[in-house]
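Each reported figure results from applying straightforward, stated rules to the coordinates on display, with no laboratory input. Small disclaimer: the values here were computed from a predicted structure and weren't measured. In this analysis, Cβ positions are derived from the backbone assuming ideal geometry, glycine residues included, and neighbour counts consider all displayed protein chains.
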Amino acid sequence: KAGSFDYDVIVIGAGPGGYVCAIRAAQLGLKTACVESRATLGGTCLNVGCIPSKALLQASEKFEEANHALADFGVEVGRVKLNLPAMLGHKDRVVEANVKGVEFLFKKNKVDWLKGHGSLKGAGQVEVKGQKDAKTYTAKHIVLASGSTHVDLPGLTVDEKQIVSSTGALDLAKVPKHLVVVGGGYIGLEMGSVWLRLGAKVTVVEFLDRIVPTMDGEIGKQFQRILGKQGMTFKLGTKVTGAKTGKQGVTLTLEPAKGGETEELKADVVLVAIGRKPFTDGLGLEAAGVETDERGRIATDGRYRTSAEGIYAIGDAIAGPMLAHKAEEEGVAVAESLAGLPSHVNYDTVPGIVYTWPEVASVGPTEEELKAQGVDYRTGKFPFTANGRARAAGATDGFVKILADKRSDRILAAHIIGPEAGTLIHEVVVAMEFGGSAEDLARSFHGHPTLNEAVKEAALAVDNRPIHI
Ligand code: FAD
């Protein structure tokens, strides 16, 4: 089928970008292989990212509920006890089911898994180094989907025991007395929430003067207030300049971001979560003539073509938000264009979600960004305190905010903090994909009583006519 080549397509990396690309290419009749060096498929996301973190968030949320929240509903459960090994076991089983699922899908779609480390070797050639030997395969097209890895902080050496990355934070042997999270982004706040619920004191140290800096300002403020109410403490405008580890734990040296007196902060465990960077080690980019940009990302054009003929790149390894669903859509787009189909990814509607309690979700620019761009917009807001279903669930923290173009009423963005925000955002994503207006959302039926009614009311509020507030 692949002519004089071993394959039509070889994908390097089996994360959400790579495995989805490989499956879609195979569905379209292309002879496809996917190289993965990890012992299991699914990449960062399924093994040490999205999936295990959500398994622990879900489990710790249940613990927290049983511990504190159920009594309000008249459910008395007596003394609640944490069985951490069982909770981690739940997470491991969820991961295993997911990674095995991808293996099944590869078999079903006849995608060959080439086990080992892949590197580019001249035009159309990929060398795969396994545990014992190396073999070179040829392909008409090569897709790089090598993903990303955590960014290190100078002076803090990650040992995955006392100083951990998100990977270590998913597998702590016991609940730390004091967990210090360096970095107030979504990964730090999600993992911080898990261990806070399980009984740790959690301090978040952030260089900037606010958490989740890319998020809408109003939402960010509310988010910090709610997490604070739950017991998380914040040291903003502060940088970590060094760490000493010993039997007694870790002693961090902190300094105001603007300079000034240093102070010490003791912790049992320190989670370094200051961001992620593209991972391209040993891919052989230079030899193949694949260029990277100033931030080490593989440079691509609007159709995911790199600077080398026949080589494409997608996912966390290229520019754009480092999110699994962004990687997946790019994987599908590349596979479809390689099969001669039209393809397109609409980056205006990529949702971003933080899976804490409450959840935070957004799509489109922040209000600050719209202001800076000089866009004339109207705002509609609706609080969950005025939503019947949220009251019934005892989850009234947060609000929905919709931003629409003042003249055309087209929806530009939505920012939600509240129960199920990550699910609610998707009706706005779909409306935006169809170029919908706030009026379209406002006139659409929303079942009663649902949390979604808060989205409808926010859309009504864009035109100053909400009913329930
Ligand atoms: P990856 O998933 O990183 O996969 C790349 C794969 O390529 C890896 O398995 C690697 O072993 C393999 N590889 C690399 N180089 C080679 C080579 N030369 N040869 C062979 N194999 C190679 N995103 C969300 O959308 N939602 C979330 O809730 C979410 N939660 C997260 C939580 C955490 C703790 C972390 C760390 C990340 C989270 N992310 C989340 C981000 C998400 O995991 C990434 O955006 C996503 O995995 C990117 O997919 P990818 O296919 O580009 O790369």
Distant-in-sequence amide H partners of residue 205 (H built 1.01 Å from N, under 5 Å): 181, 182, 183, 235
Extended-chain gain in nm, criterion 0.36 nm per residue less alpha-carbon gap, residue 75 and residue 109: 7.5 nm
The stretch 146-237, relative contact order [Cα under 8 Å, separation at least 6], %: 23 percent
Taking only Cα atoms of the stretch 1-120, radius of gyration then Dmax in Å: 20.1, 70
Going from the fewest other Cβ atoms within 10 Å to the most, one would list 6, 159 as 159, 6
Sticking with the crude label model, points 7 Å out along Cα→Cβ, report the distance from residue 221 to residue 161 in nm, one decimal please. 4.5 nm
Between residue 347 and residue 376, with labels modelled 7 Å along Cα→Cβ, what's the label distance in nm to one decimal, could you check? 2.8 nm
Below 8 Å between Cα atoms, with a sequence gap of 6+, how large is the relative contact order for the chain in percent? 14 percent
Measure off 7 Å from each Cα along the Cα-to-Cβ vector at residue 325 and residue 123, then give the distance between these two points in nanometres to one decimal. 4.1 nm
Where does each of 362, 37 land when they are ranked from fewest to most other beta-carbon atoms within 10 angstrom? 37, 362
Qualifying aspartates and glutamates (Cα of each under 18 Å from Cα of residue 371; at least 8 residues distant if same chain): 216, 218, 348, 405, 409
Report the extension gain between residue 248 and residue 407 in nm, rounded to one decimal, defined as 0.36 nm multiplied by the number of residues separating them, less their alpha carbon distance. 51.1 nm
When 178, 344 are ordered from fewest to most other Cβ atoms inside 10 Å of their Cβ, what list results? 344, 178
What order do you get for 14-21, 265-272 when each peptide is scored by the mean count of other beta carbon atoms within 10 Å, highest first? 14-21, 265-272
For peptides 179-188, 222-231, sequence by mean Cβ density within 10 Å, most packed first: 179-188, 222-231
Compute the relative contact order of the stretch 49-165 as a whole-number percentage, counting only Cα pairs closer than 8 Å that sit 6 or more residues apart in sequence. 13 percent
Rounded to 0.05, the calculated FRET efficiency for the beta carbons of residue 469 and residue 40 at R₀ = 45 Å is 0.40
Relative to the present Cα-Cα distance, how much length would full extension add between residue 445 and residue 136 at 0.36 nm per residue of separation? 105.5 nm
222 nm mean residue ellipticity, helices alone, for the chain (DSSP H n ≥ 4; -39,500 (n - 2.57); rounded to 500): -9500 deg cm²/dmol
Pull up the cross-link candidates among the lysines for residue 135, meaning alpha carbon to alpha carbon under 28 Å and not fewer than 8 places away within one chain. 1, 31, 100, 107, 108, 110, 115, 121
Here is the link list: 177/244; 129/326; 174/277; 62/229; 229/456; 221/381. Which ones come out longer than 20 Å on Cα distance? 129/326; 174/277; 229/456
Rounded to whole angstrom, the alpha-carbon centroid of the stretch 181-212 lies from that of the stretch 1-61 at a distance of 30 Å
Once Lys and Arg are counted +1 and Asp and Glu -1 for all other residues with Cβ under 14 Å from that of residue 128, the total becomes +1
Net charge around residue 300, counting only other residues with Cβ within less than 10 Å of its Cβ (Lys, Arg = +1; Asp, Glu = -1)? -1
